[in-house]
Structures are given as structure tokens and as C-alpha cells.
Amino acid sequence: MSFSSSLLEQSVNEFAKLPGIGKKTALRLVLHLLKQSKEEVNQFTGAVAHMRNEIKFCRECFNVSDSDVCNICSNVSRSKRIICVVESIRDVIAIESTQQFSGRYHVLGGIISPLDGIGPDQLNIQPLLSRIQRDEVEELIFALNPNIQGDTTLFYINKQLKDASVKITTIARGIAFGGELEYADEMTLARSIQNRQPVGNYIGAK
């Protein structure tokens with residue numbers, strides 16, 4: 001791809017670094033911005049820069065937040081006794097879109113994947129164990145992606161909680177093995193949450 005402007009080329013290269021964006025799509029986005037007024041472009045870039053500089057991670061669940069505690073954890077109408085454990089912030093958004101969960105979340109920040117060099121100590125597992133004891137959690141719902149890494153993470157945390165008096169469940173496997181929560185339709189995801197089952201049942205079926 002040949003460019004008559006180094007500024008244009010630099011912008012295209014930056015957009016192309018985004019996931020799912022190739023050079024042609026990046027060029028289309030940059031050319032679209034060129035059609036906008038300088039004020040509109042400044043508003044766009046300013047919003048992105050402001051988001052990156054000011055956004056925080058909730059000290060309770062590690063979800064993104066505008067303050068130290070996110071609006072889900074600070075919502076007194078949501079039960080702190082039920083925690084849904086997810087891999088990423090995208091999963092929180094996916095489950096929230098179903099409007100079928102009234103508890104709170106805990107974002108692990110990834111899943112155990114030895115091949116990728118990701119172990120338990122690199123995830124938000126210890127803070128989860130502390131929350132369970134501190135908030136007297138009654139149920140822990142695992143909503144991890146149904147793949148080998150997700151199952152490994154589930155088994156590891158379940159083992160750490162073998163002496164804890166907490167009900168441990170996992171979402172029903174209406175989502176195909178190897179699938180990802182964020183791509184599941186809302187109805188399937190909602191039913192998976194409603195029809196969750198004890199982790200012991202799932203482990204025993206392996």
C-alpha cells in the first residue's frame with residue numbers, strides 16, 4: 001500500500017494495530033476522519049485520550065470504573081453474597097446485557113494458560129478468595145469460556161475453596177465448547193446463567 005503522505009501512513013499504521021483492523025479498514029477509517037471537521041476529530045481523539053488517562057479499575061471486582069468502586073459494586077440492590085467469576089471486562093458487559101444477574105462480579109483478568117506463561121499468581125485469584133471470606137459469599141458462579149484454559153482455571157479455584165462453605169456453580173453448557181461468552185447471543189447466555197449447575201456435577205462428568 002503506497003501513501004502520498006507520511007502523516008496518513010502513520011495514522012493508518014496506528015489504526016491497523018487495533019484487533020480485527022487490517023490496513024484497508026484502517027485506511028477507510030482514517031479517510032473518514034479526514035472528512036470530519038478538526039473540532040470533531042479533536043473531540044474523538046480527546047475522548048479516547050481522556051478515557052485511557054482517567055479510567056480506573058474497581059478495587060472490589062477489577063471491572064472498569066470511573067471511580068475507585070464501580071457502579072455495580074456500589075449498587076446496594078445487588079447482592080454481594082453472589083459473585084459471578086469472569087475472565088474479562090467484555091464478559092461482564094455480555095452478562096449485564098442479559099439483565100438476568102443481580103449479584104456482583106469478579107474479573108480475573110485472564111485465565112490460567114501455562115503455554116502462554118500465565119499462572120494463578122498473575123490473575124486476580126487471591127483477591128477473590130479474600131472477598132469470599134470477607135463478604136460471607138454464599139454462591140460463586142463461574143462464567144468462564146468453555147475451553148481447556150477456562151476449565152483449568154475453574155478446577156484450580158475450586159480446589160482452593162475445598163474447605164470453604166460456599167456454593168460453587170458454573171453456567172450451563174449451552175455455549176459450545178471452545179466458544180466465547182462475548183459472542184453468545186443474549187438468550188443463550190441468559191439461559192446458561194439461569195440453568196447453572198454445581199461445579200461438582202461438571203467435574204464428575206469430565
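With just the Cα atoms defining each centre, how far is the stretch 119-138 from the stretch 30-105? Give it in Å. Here the answer is 21 Å between Cα centres. Once the chain from Ile148 to Ser37 is taken as fully extended at 0.36 nm per residue, the excess over their C-alpha distance is 35.1 nm. What is the Cα radius of gyration of the stretch 6-54 over 2.2 N^0.38 Å, N being its residue count? The reported ratio for this selection is 1.18. Each peptide among 21-33, 88-100 gets the average number of other Cβ atoms lying within 10 Å of its residues, and from highest to lowest they stand as 88-100, 21-33. Springs between Cα atoms under 10 Å define the GNM used for the chain, and in it the highest mean-square fluctuation of Asp151, Asp68, Asp116 occurs at Asp116.
Test of the criteria: in the stretch 122-170, which trypsin sites (Lys or Arg not before Pro) are in a DSSP loop and have at most 16 other Cβ atoms within 10 angstrom of their Cβ? Please report the intermediate quantities before stating the final value.
Details: sites: Arg131, Arg134, Lys159, Lys162, Lys167; in loops: Lys162.
In loop regions of the stretch 122-170 (DSSP not H, G, I, E or B), the sparsely surrounded trypsin sites (Lys or Arg not before Pro) are Lys162.
Bear in mind these aren't lab numbers, they're just calculated from the coordinates by the rules spelled out. Keep in mind it's a predicted model, so treat the numbers as computed, not measured. Heads up, the Cβs are rebuilt from the backbone with ideal geometry, glycines too, and the neighbour counts pull from every protein chain shown.
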